[in-house]
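To keep things clear, I will list the structure first and then write my remarks on it.
The values are calculated or read from the model by the stated rules, or taken from the named source; none is laboratory data. This is a predicted model, so every value here is computed, not measured. Cβ: placed from backbone, ideal geometry, glycine included. Neighbour counts: every protein chain shown. The area values use the complete protein model at the heavy-atom level, side chains included, leaving out ligands, DNA and RNA. Shrake-Rupley method; radii C 1.70, N 1.55, O 1.52, S 1.80 Å.
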Amino acid sequence: MSDTLMRVVFRVEGEPNIGLGHVMRCMALAQSLVKYGHELFFFMSQRSQYFCCNRADWIGTMLPMPDIDKSAEPEWLAKQCLDLNADWLVLDGYQFDLEYRQSLQSNVFKLAVFDDMNNSGALYADMVINGALNASLHNYQLTAPKALLAIGQGYQVLRQEFLQLTNRQWSNRKHLTLMFGGSDPKKQTIKALQSLGKANACMPIIVITGAAFDGLHDLAELIKISGLDITHLHDCQNMAAVLLNTKLALSAAGGSQFELLACATPSILVVVAENQKLASQGAASQGWCQVVNSDDLSSDEWVKQCLSLWQQPELLRSMHTKALQFPVVDGAKKIVELMSEQKITSDDAK
């Protein structure tokens with residue numbers, strides 16, 4: 001890793017209506033940047049900062065976003081990057097559209113963009129980040145012809161807790177774990193528990209809700225009357241430890257699939273958004289998970305599939321074994337290396 005230190009600015013949001021996935025993968029990259037001595041800053045709304053400040057593993061300086069018109073934001077953000085002497089600006093969010101990105105082109109700092117589907121026009125980026133298995137199918141050379149492409153499985157970003165796993169063996173696993181993201185806007189957690197209750201499920205269940213989940217009262221009432229063996233963890237700070245004790249996860253598709261794979265946890269991924277489909281299909285092709293589409297099947301139907309899988313211990317163990325065949329990838333480290341190399345090249349050109 002280069003000794004050249006960088007200053008990196010992140011622009012990202014995370015709240016109930018958009019979830020926390022964008023924030024969490026930025027945090028994974030930020031943790032790696034800090035590990036190698038770089039300095040970083042997050043520009044987020046006060047609402048987003050609220051969901052992040054309680055995390056024990058949060059790093060970086062949080063800076064407030066003023067309440068300004070979206071059209072004026074790129075110019076304001078570029079000025080902040082200049083004032084901070086930033087080397088890189090990292091964007092993650094679907095609200096940062098073509099015009100927004102175009103306005104941030106700069107000869108002073110580089111622009112990196114997290115992307116999922118390459119469906120928003122020209123990216124105007126110096127680096128594109130997409131750790132999905134089949135990211136190369138998105139034709140980034142058309143929308144970012146001059147960018148460094150940090151795409152594919154080698155660039156999956158994982159938080160540090162998933163890079164320090166010591167025991168992924170099968171014998172410890174006892175639980176069915178439900179996890180539907182940082183906010184679960186469609187309340188899939190409650191639907192799944194209702195379906196499990198109707199099916200008289202008898203296994204121990206761990207329910208994980210994210211910091212932006214706003215249905216805690218309804219969930220508590222349901223747990224109280226359900227008769228299921230439930231442990232509820234809100235804003236879980238030790239996800240890796242939980243997933244290493246999980247025999248089967250019923251999870252929202254998305255960035256959490258990389259964490260599930262790292263823990264070699266057999267899973268059913270529930271696709272709740274269009275941008276999750278292709279990456280989830282890629283994960284299913286690896287054999288460690290199954291995929292269902294929430295638009296095609298009711299919660300009763302995918303819970304039925306879950307219970308059928310639970311009753312096939314040899315299949316579950318086979319899925320676990322297939323997951324173990326894939327090494328835990330430190331994609332964030334590779335991204336940091338690319339960013340450092342690009343900074344050195346830029347400095348040499350000055």
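The residue of the stretch 88-130 that is surrounded by the fewest Cβ atoms within 10 Å (Cβ to Cβ), among those that are hydroxyl-bearing (Ser, Thr, Tyr) and closer than 22 Å to residue 155 by Cβ, is 94.
Filtering 88, 170, 76 for residues that are out of contact with any Cys (no Cβ under 8 Å at 6 or more places or on another chain) and closer than 23 Å to residue 285 by Cβ leaves a single hit, 170.
Take the conditions (1) open to solvent by 40 Å² or more (accessible area, probe 1.4 Å); (2) touching an Asp or Glu at 6+ places or on another chain (Cβ under 9 Å); (3) within 20 Å of residue 115 (Cβ to Cβ); residue 18 misses just one of them, which is (2). Test residue 279 against the stated conditions and say whether it is more than 24 Å from residue 228 (Cα to Cα), within 18 Å of the chain's Cα centre (by Cα) and not aromatic (Phe, Trp, Tyr). Judged against the criteria, residue 279 is a match. May I ask you to verify whether residue 316 is over 20 Å from residue 151 (Cβ atoms) and in contact with a Leu (Cβ under 9 Å, 6 or more places away or on another chain)? When the stated conditions are applied, residue 316 passes them. One residue stands out among those in the stretch 307-333 that are of a type in the set (Lys, Arg) and out of contact with any Ser or Thr (no Cβ under 9 Å at 6 or more places or on another chain): the one that is least open to solvent (accessible area, probe 1.4 Å), which is 322.
If the condition is being in a loop (DSSP other than H, G, I, E, B) and modelled with pLDDT of 95 or more, then the stretch 121-145 contributes 121, 122, 123, 124, 125, 126, 139, 144, 145. Can you tell me which residue in the stretch 150-168 is modelled with the lowest pLDDT, limited to those that are under 18 Å from residue 246 (Cβ atoms) and buried (at least 17 other Cβ atoms within 10 Å of the Cβ)? So the residue we want is 168.
Once the stretch 253-280 is narrowed to residues that are closer than 20 Å to residue 307 by Cβ and among the polar types (S, T, N, Q), the residue that is surrounded by the most Cβ atoms within 10 Å (Cβ to Cβ) is 267. Evaluate the following for residue 189: is it crowded, with 22+ Cβ neighbours inside 10 Å, in contact with a Leu (Cβ under 7 Å, 6 or more places away or on another chain), of a type in the set (S, T, N, Q) and modelled with pLDDT of 95 or more? It is true that residue 189 is crowded, with 22+ Cβ neighbours inside 10 Å, in contact with a Leu (Cβ under 7 Å, 6 or more places away or on another chain), of a type in the set (S, T, N, Q) and modelled with pLDDT of 95 or more. If you check 195, 136, 183, 106 for being under 30 Å from residue 88 (Cβ atoms) and either without any contact (Cβ under 8 Å) to a residue 24 or more places away in the chain or in contact with an Asp or Glu (Cβ under 6 Å, 6 or more places away or on another chain) (or both), only one passes: 136. Scanning the stretch 203-252 for residues that are in contact (Cβ under 8 Å) with a residue 60 or more places away in the chain, polar (S, T, N, Q) and surrounded by 15 or more Cβ atoms within 10 Å (Cβ to Cβ) yields 245, 246, 251. Determine whether the stretch 78-87 contains at least one residue that is in a helix (DSSP H, G or I), open to solvent by less than 10 Å² (accessible area, probe 1.4 Å) and modelled with pLDDT of 95 or more. Scanning the stretch 78-87 turns up at least one residue that is in a helix (DSSP H, G or I), open to solvent by less than 10 Å² (accessible area, probe 1.4 Å) and modelled with pLDDT of 95 or more.
A single member of 171, 195 is open to solvent by 60 Å² or more (accessible area, probe 1.4 Å) and among the hydroxyl-bearing types (Ser, Thr, Tyr), and it is 171.
If you go through the stretch 281-292 and keep only what is surrounded by fewer than 23 Cβ atoms within 10 Å (Cβ to Cβ) and either small (Gly, Ala, Ser) or assigned to a strand (DSSP E or B) (or both), you end up with 282, 284, 285, 287, 290, 291, 292.
Filter the stretch 293-306 for residues that are modelled with pLDDT of 90 or more and crowded, with 18+ Cβ neighbours inside 10 Å and give the result. Passing the criteria: 299, 302, 303, 306.
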